[in-house]
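Take a look at the structure set out below.
The values are calculated or read from the model by the stated rules, or taken from the named source; none is laboratory data. Just so you know, these numbers come straight off a predicted model, no measurement behind them. As a convention, Cβ positions derive from the backbone with ideal geometry for all residues, glycine included, and neighbour counts pool all protein chains shown. What goes into the accessible areas is simple: the full protein's heavy atoms, side chains included, and nothing from ligands, DNA or RNA. Shrake-Rupley method; radii C 1.70, N 1.55, O 1.52, S 1.80 Å.
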Amino acid sequence: MDDGGVSKAVAVVACAAMALFYVAILYAPTLILRLPPPPSFKNFMIRRFICAAISSVVSVVISALLLPMKSREASSLLGVYGIRMDHIWQAVIFPLTLTALMYGGSLVLKSLLLMSALRERMNFGGGLSFDNIKSFSEEIVACSRSIASDVLVWRTYVVAPLTEELVFRACMLPLLLCGGFQKSTVIFLCPIFFSLAHLNHLKDVYSKQNYNLTKAFLAIGLQLGYTVVFGSYASFLFIQTGHFLAPSVAHAFCNFMGLPVLVSRGKGIVSVASVAGIVGFLWLLFPMTRPELYNDRTDNCVCWQGYCSGN
């Protein structure tokens, strides 16, 4: 790093500020701007989408001002955040396949339940007739339309993965790396900010646990542990690939699958699939995240995109 580089203290303070702002701005419309409550849940979520977008833009601006980049051109800036048009299929397929291995048991269980539902439908619906196929197709179309218009679907699989990965990975990781932290340290440090940003769910969890403080803290502890583990994995993906899409698709997939299923009563194949998936994940983790798979060039720069001095 040159003399205008980022110090460790500045990097950590900036990351903490971005994490705090990401959560605080969600409550700004009612607590600070004194806006009236939204008339519907959909409007409430859209308001939060706007807040998340504003927080993301602010984080991008803050990190851009602090990072010691040689060029301030748009292409260079976007490259720092891993927003690129090259190696897209690699950044989607490889991380998605790798992440799916961790859910081997869950995927097998879902497949078994789906086949059971289809078998029951055929037994009580007259078999594999044209009318049944047509009815099933119409249900799929109707379900797809319902999902596409569901604001919670947009929050869970689009807005949350994109904004959280932009703030907690694309903006924070370059700062921490340029601050002089080692990659191994950053992989476990960055998720701490990510997990702390989820503490705002404590009130909701407290009410869901019938206002039992012990159960609420246990639930939050489990959630924080999961976010730290996933955050470390997402940080690893971003550092290895230098591509914003890699952790984003993994994030969306994990949100869809939830916690991995390791065992299921009466279904030993689920446990076998879980073990096989975990072994496959560990075996392929480094081969499928080699930087050369996602970049035309690699160098010895501290930051994978080559924007620090010394490259």
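Can you name every residue in the range 48-91 that is free of Cβ contacts under 8 Å to residues at least 60 places away in the same chain and either touching a His at 6+ places or on another chain (Cβ under 8 Å) or within 28 Å of LEU285 (Cβ to Cβ) (or both)? Walk me through it before giving the result.
Of the range 48-91, the ones free of Cβ contacts under 8 Å to residues at least 60 places away in the same chain are 50-51, 54, 57-58, 61, 64-65, 72-75, 77-78, 85, 89.
LEU78, MET85, TRP89 - these are the residues of the range 48-91 that are free of Cβ contacts under 8 Å to residues at least 60 places away in the same chain and either touching a His at 6+ places or on another chain (Cβ under 8 Å) or within 28 Å of LEU285 (Cβ to Cβ) (or both).
For every residue, the table says whether it meets (1) of a type in the set (A, V, I, L, M, F, W, C); (2) more than 21 Å from the chain's Cα centre (by Cα).
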{"position": "ALA9", "(1), (2)": "yes, yes"}
{"position": "ARG34", "(1), (2)": "no, yes"}
{"position": "TYR81", "(1), (2)": "no, no"}
{"position": "PHE94", "(1), (2)": "yes, no"}
{"position": "LEU101", "(1), (2)": "yes, no"}
Check your understanding: Just wondering, is there one or more residues in the range 212-231 that are modelled with pLDDT under 90, open to solvent by 30 Å² or more (accessible area, probe 1.4 Å) and not in a helix (DSSP H, G or I)?
Key -> yes
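Within the range 1-24, track down each residue that is open to solvent by less than 60 Å² (accessible area, probe 1.4 Å) and at pLDDT 90 or above.
If we filter the range 1-24 for residues that are open to solvent by less than 60 Å² (accessible area, probe 1.4 Å), which is where we start, we get 4-7, 11-12, 14-19, 22-24.
Once the filter is applied, which keeps residues that are open to solvent by less than 60 Å² (accessible area, probe 1.4 Å) and at pLDDT 90 or above, the range 1-24 yields ALA11, VAL12, ALA14, CYS15, ALA16, ALA17, MET18, ALA19, TYR22.
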Check your understanding: How about the range 251-267: which of its residues are open to solvent by 50 Å² or more (accessible area, probe 1.4 Å) and either in a helix (DSSP H, G or I) or touching a strand residue (DSSP E or B) at 6+ places or on another chain (Cβ under 9 Å) (or both)?
Key -> ASN255, PHE256
Check your understanding: Do we find that ARG48 is surrounded by 15 or more Cβ atoms within 10 Å (Cβ to Cβ) and of a type in the set (D, E, K, R) in this structure?
Key -> yes
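Let's see how each residue does on (1) out of contact with any helix residue (DSSP H, G or I) (no Cβ under 7 Å at 6 or more places or on another chain); (2) modelled with pLDDT of 85 or more:
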| residue | (1), (2) |
| --- | --- |
| LEU26 | no, yes |
| THR30 | yes, no |
| VAL57 | yes, yes |
| ALA64 | no, yes |
Check your understanding: Here is a list of conditions, (1) modelled with pLDDT of 80 or more; (2) open to solvent by less than 70 Å² (accessible area, probe 1.4 Å); (3) hydrophobic (A, V, I, L, M, F, W, C), and PHE188 meets all of them except one; can you say which number that is?
Key -> (2)
Check your understanding: List, please: which pairs have Cβ atoms under 7 Å, are six or more places apart or on different chains, and start with a residue in the range 92-110 that is farther than 17 Å from VAL263 by Cβ and end with one that is open to solvent by 60 Å² or more (accessible area, probe 1.4 Å) and not β-branched (Val, Ile, Thr)?
Key -> ALA100/LEU107
